[in-house]
Amino acid sequence: MAQKTLTDGVPEVAVEAPPAASPKRWWILAIIAVAQLMVVLDATIVNIALPSAQADLGFSDGSRQWIVTAYALAFASLLLLGGRIADLFGRKPAFLVGVVGFAAASALGGAANGFTMLVVARALQGAFGALLAPAALSLLNTTFTDARERARAFSVYGAIAGAGGAVGLLLGGVLTDALDWRWTLYVNVAIAVVAFAGGWVLLSSHRDAADAKLDVPGTVLVATGLFSLVYGFSNAETHDWGSPLTWGFLVAGGLLLAAFAWWQTRAAHPLLPLRILLDRDRGASFLAVLITGAGMFGVFLFLTYYLQLNLGFSPTKTGVAFLPMVGALMVTAQLGTTVLLPRIGPKAVIPLGFAIATAGMAWLTGIGLGSHYLSAVLPQLIVIGVGLGMVMPPAMQLATGGVAAEDAGVASATVNAMQQVGGSIGTALLNTLAASAATDYLADHDPTSKVAQAQATIESYTTAFWWSASFFAAGTVIAFLLYRRGVPRQDASTAPVVHM
């Protein structure tokens, strides 16, 4: 680095000016948003199509969960590896390979002639998604170097991450009703064409961690640890918590992740450098994303059941019913990241968002057999959307901001892993608690009565909503305690560098 000498003879190190912003950055944001939407909506788009797929391919109710679980297992367990590959070999190649692989796996799933072929395709989707998602987020982080512009970019990205599940429900319903369940997978091919063409033209190759090596032991430990953790929670849905397939894998996952953390302190080229986790605001942001992922399933999963099974909504109408929440989330995403966060800081913004989401979820527990969407669901969804819009985008921005360029991919992968593991934990816990609530209600009432059976389902939904509210309430306290006071600062020594 150049030096200049002052008149008193004391040398001063000249600080390099930050690189000029890429003139293509907003087009790059659009392409990243398209790719991220493809990955996020696939976590839910297939859910609505499952009954049709099951009738067409003839698999059992017990096997049905693997259509969803295969994607979650591959995605969660390979995310950190995917993020490090993007750092080591370049984000453009990782992005393009991820897009092509995801599209090919989607086409394979759409053409599935049996259960096994569909499960394999979903697992491949998860694997390529684990390469694509961190590459997309790290590209966003290294493309936008101006603080205000980065805030706007992350508000868009965070809104997609938070609302993508609802968009998946809508798109899945429309495609299933209008065409066929297979189009919930084929649609990814069309999206991928746009993402690939844009990525090929707009992105340039650069390797920020070209001199580093892949941490093979760390990769094996974290991949098997995350796999065991997600698999254990997934088994809680079909087995009780006392089953070795549940607690055994959960214990194994915890031990493997503990061994991974120990190894990262000794590895010459750690897969997840602990400096990424030990920053206070970044650690708080990872936890915020984890809690949000767990609580959001109380909205998407059980409210979908309520709208379709109790209020008689079609799949398409169910998806439309979630749009007001998506709109509220997108508006407050802009407000939270571009206005509130730079002025009053995360210690006020993110706990406030969690508190608003808590109130919305608690309000949603008032649903009943005779409730109406306009009075018992719509206002609550808007409140929840307002709250989540103040949590997800700011947390994602803080989780990846200020990270050295060579660590951007793995930091981005950690954010995605937190969201995925949180979703797996939430699905397992809420499904178990909801089923127990329904069983307990029928034990005290006539189990042969249709009215009692219908009310038991309401009890299961409201139980899930109360627990989701408790997740968000815990997030309120944790975020308030962990985040630093004041507005976030970016350390000049770790500011990401644009290479577009």
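Nothing in this text is a laboratory measurement; each read-out follows from the coordinates by a stated rule. These numbers come from a predicted model, not from an experiment. So basically every Cβ, Gly included, is an ideal-geometry build from the backbone, and we count neighbours across all protein chains shown.
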Legend entry - Rounded if a/c under 1.5, otherwise prolate or oblate - segment 204-330, Cα gyration tensor axes: oblate
Inset, instruction - Decide, for segment 359-429, between rounded, prolate and oblate: order the square roots of the alpha carbon gyration tensor eigenvalues as a ≥ b ≥ c, take rounded if a/c falls under 1.5, and otherwise choose prolate if a/b is larger than b/c, else oblate. - result: prolate
Legend entry - Compactness of segment 314-414, expressed as Rg and Dmax over alpha-carbon positions, Å: 16.3, 56
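Quote to one decimal, in nm, the extra length available between Leu323 and Ala190 on full extension: 0.36 nm per residue of separation minus the C-alpha distance between them.
Values: separation 133, 0.36 × 133 = 47.88 nm, distance 2.27 nm.
Between Leu323 and Ala190, full extension yields an extra 45.6 nm.
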Legend entry - 3J(HN,Hα) from dihedral phi, segment 432-448, Karplus parametrisation 6.51/-1.76/1.60, rounded to Hz, x for glycine, proline: 5, 5, 5, 4, 5, 5, 5, 5, 5, 5, 5, 5, 9, 9, 6, x, 8
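Using the Cα atoms of segment 283-329 to build a convex hull, what is its mean projected area in square nanometres?
On the way: hull surface 14.3 nm².
Here the figure is 3.6 nm², rounded to one decimal.
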Inset, instruction - Assuming R0 = 56 Å, can you tell me the calculated FRET efficiency for the pair Asp444 and Ile344, based on Cβ-Cβ distance, to the nearest 0.05? - result: 0.70
Inset, instruction - Pop a pseudo-label 7 angstrom from the Cα along the beta-carbon direction at both Ala474 and Asp56 and give the gap in nm to one decimal. - result: 3.9
Inset, instruction - Please give the contour-minus-distance gain from Thr365 to Val216: 0.36 nm per residue of separation, less the Cα-Cα distance, rounded to one decimal in nm. - result: 48.9 nm
Inset, instruction - Starting from the Cα of Ala111, step 7 Å along the direction of its Cβ; do the same at Ile382; then give the gap between the two resulting points in nm. - result: 4.7
Inset, instruction - With r as the distance between the Cβ atoms of Ala452 and Lys24 and R0 = 60 Å, compute the FRET efficiency 1/(1 + (r/R0)^6) and round to 0.05. - result: 0.45
Legend entry - 3J(HN,Hα) from dihedral phi, segment 275-282, Karplus parametrisation 6.51/-1.76/1.60, rounded to Hz, x for glycine, proline: 4, 5, 7, 7, 5, 4, 5, 5
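Taking 20 °C and 1.002 mPa s as the conditions, I'd like the Stokes-Einstein D for segment 404-471 in µm²/s, using the Kirkwood hydrodynamic radius from alpha carbon pairs. Mind dumping the intermediate values first?
Details: Rh = 14.1 Å.
D, rounded to a whole number, is 152 µm²/s.
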Inset, instruction - Report the full-extension gain for the segment Trp247 to Ala261: residue separation times 0.36 nm, less the Cα-Cα distance, to one decimal in nm. - result: 2.9 nm
